[in-house]
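See below for the structure under consideration.
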Amino acid sequence: MTADLIIHNIKTIYTPYLSPPVRGSMMNSIHEIHNAFIAIKDGVIIDFGAGDYQKYESEDTIFHDAHQQIVLPGLIDSHTHLVHAGSREDEYKMLQNGVPYLDILKNGGGILGTVEKTRNASIDSLYEKAYHSLDEMMLHGVTAIESKSGYGLSLEHETKQLLVNQMLNTNHPVQVLSTYMGAHAVPKEYTHDKARYIENIKKDLTRIQELSLADAVDVFCETGVFSIEETRNILTHAKNMGFRIKMHADEIHSLGGTGLGVELGCSSVDHLMAISNEDIKKLAQSHTIANLLPGTSFYLNKDYANARHMIDSNVAVSISGDYNPGSCPTENFQLIMQLASNKLKMTPEEVLNAVTINAAYHLGLDNQIGSIEVGKKANIVVMRAPNLSYIFYHFGVNHTKDVIINGKFVVKNRQIVREI
Ligand code: NIG
Ligand code: FE
């Protein structure tokens, strides 16, 4: 077999190689292949390693010299609120003055402020803003993301957000997995009738499924938002319909969301700054991934999730950006990885497993993406760095040089390549 594209003269390929979920001490295990090449055909990796690549050469083969830089699998950001209108810099000052995040929401701001703006926004303006943010993520080496609704809070406006996900997935090179999050907050018009809003969510799921607009359902399980019993009600219904389920759990208060997530078979439980020791033990016995979001702790000036305790207790961890206008307004996924290293005390190898194969696993994509492996999609990042540790040490800057998605260059020499 000949290749359409061969990347050669790679200083080192760093890739996960274990079957996910990669948990506990295994998270420190990755493969390093020095002086390597990767051969690609029809968007798929056909071989890689330190051997001879000439055998894959034909007269049509394109060669790309990596000039002794390092290569990683495409990064996966498995928790974002990409599609929304407006920004919330006015709240930044309030947060800095010590006003609690949940108080801003209780007073009709926070998520509900973005809901108002998103309801008033056209689908085209939402698409344009999200497309631009997705470009920014891709420039940082991200090749697949999860994107939630949750700023519409009615069938019409949730559908609008989910349609933007669908349009992005079709038109942008980054793969976009769509999650319905009608249970992100209780909309103002239902403040006094939450039970009816929950019944509407369950009804709306039928329409969303008919339109194939989402493959997962998420709930914000938190004091003053959705309780444990309300979360159980929504997620049990979603699961019975065949959706993948997940939760924003134990973010601010320790409600036991993680325990519920494990019991219901959530693919991930996300945030976990306030997780109990008992729930860490439950996670370690499950296939549910602990999806940690250190950028949110950084921006809100809150405690960080205890990743060390989780990994040392044999939990499988992924790391995500949580890009959103209220608790983590950044698309810089490398900064998130650097925070995971510096604040969560994770090793470079643990972070790599967390942002590739474990993320792919809880999105249900681990047989297609998440590692450099024969038969997987050729989603590859060339980083201008001498080794993996360097990316975490030299923080706050973008190390990405080239990005390849499905065997095609989408970023070359730090510039986006658009298909004509
Ligand atoms: O993951 N915690 C709830 N949802 C988002 C924040 C959304 C917002 O503030 O707009 C989060 O942090
Ligand atoms: Fe979130």
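The values are calculated or read from the model by the stated rules, or taken from the named source; none is laboratory data. All values reported here derive from a predicted model rather than from experimental measurement. Cβ: placed from backbone, ideal geometry, glycine included. Neighbour counts: every protein chain shown. Surface areas here come from the heavy atoms of the whole protein model, side chains and all, with no ligands, DNA or RNA. Shrake-Rupley method; radii C 1.70, N 1.55, O 1.52, S 1.80 Å.
In whole Å, how far is the Cα centre of region 83-152 from that of region 336-377?
25
Report, to the nearest 10°, how far helix 155-171 tilts away from the longest principal axis of the Cα atoms in the chain, using its own Cα long axis and a range of 0 to 90°.
0
Rg over Rh of the chain, using C-alpha atoms and the Kirkwood radius, what does it come to?
Rg/Rh for the chain comes to 0.97.
Using a 1.4 Å probe on the protein heavy atoms only, what accessible surface does residue 55 show? Give it in Å² to the nearest 10.
Around 120 Å² of this residue is reachable by solvent.
With each label point set 7 Å from Cα along the Cα-Cβ vector, what nm distance links residue 2 and residue 419?
2.3
Enter the Cα centre distance for the pair region 287-331 and region 1-79, rounded to the nearest angstrom.
For region 287-331 versus region 1-79, the Cα centre distance is 28 Å.
Hey, what angle do you get for helix 111-120 against the long axis of the chain, alpha-carbon based, 0 to 90 degrees rounded to 10?
80
Using alpha carbons only, how many degrees (0 to 90, rounded to 10) separate the axis of helix 333-342 from the longest principal axis of the chain?
80
Treat each spin label as a single point 7 Å out from the Cα along the C-beta direction, and report the residue 241 to residue 228 distance in nm.
Going by the 7 Å Cα→Cβ label model, 2.5 nm.
Roughly how much of residue 347 is accessible, in Å² to the nearest 10, using a 1.4 Å probe?
Using a 1.4 Å probe on the heavy atoms, I get roughly 40 Å².
Translational D (Stokes-Einstein, µm²/s) of region 101-170 at 37 °C and 0.692 mPa s when Rh comes from the Kirkwood sum over C-alpha pairs?
251
How high is the FRET efficiency between residue 190 and residue 32 when r is their beta carbon distance and R₀ equals 35 Å, given to the nearest 0.05?
Efficiency computed from Cβ-Cβ geometry: 0.10.
Lys and Arg at +1, Asp and Glu at -1: add these up for the other residues within a Cβ distance under 13 Å of residue 415 and post the number.
Taking every other residue near residue 415 into account, the sum is +2.
Calculate the FRET efficiency for residue 123 and residue 54 from the Cβ-Cβ distance with a Förster distance of 45 Å, rounded to the nearest 0.05.
With a Förster radius of 45 Å, E is 0.35.
Could you please put 192, 248 in sequence from largest to smallest accessible area, using a 1.4 Å probe?
So the residues, ranked largest to smallest area, are 192, 248.
Would you mind getting me the FRET efficiency between residue 170 and residue 285? Use the beta-carbon distance for r and R0 = 45 Å, nearest 0.05.
Given R0 = 45 Å and the Cβ-Cβ separation, E is 0.70.
Which value, in debye to the nearest 20, gives the size of the charge dipole of region 98-167 about its Cα centre, when Lys and Arg are +1 and Asp and Glu are -1 at the Cβ?
Using Cβ point charges on Lys, Arg, Asp and Glu, region 98-167 gives about 180 debye.
Which order do you get for 94, 247 if you rank them by accessible area with a 1.4 Å probe, largest at the top?
94, 247
With only Lys, Arg, Asp and Glu charged, each at its Cβ (+1 for the first two, -1 for the last two), find how big the charge dipole of region 75-362 is about the Cα centre; round to the nearest 20 debye.
280
In nm, give the distance between the simple-model label positions of residue 102 and residue 390, each being 7 Å from the Cα along the Cα-to-Cβ direction.
Result: 4.5 nm between the two label points.
When only the heavy atoms of the protein chains count and the probe is 1.4 Å, how do 199, 251 rank by accessible area, highest first?
From most exposed to least exposed: 199, 251.
Probe 1.4 Å, all protein chains in place: accessible area of residue 32 in Å², nearest 10?
Near enough 90 Å² of accessible area.
Give me the Å³ per residue figure for the convex hull around the C-alpha atoms of region 1-155.
Output value, Cα hull per residue: 205 Å³.
Amide H neighbours of residue 313 under 5 Å, at least 5 residues apart or on other chains, H built in the peptide plane: list them.
none
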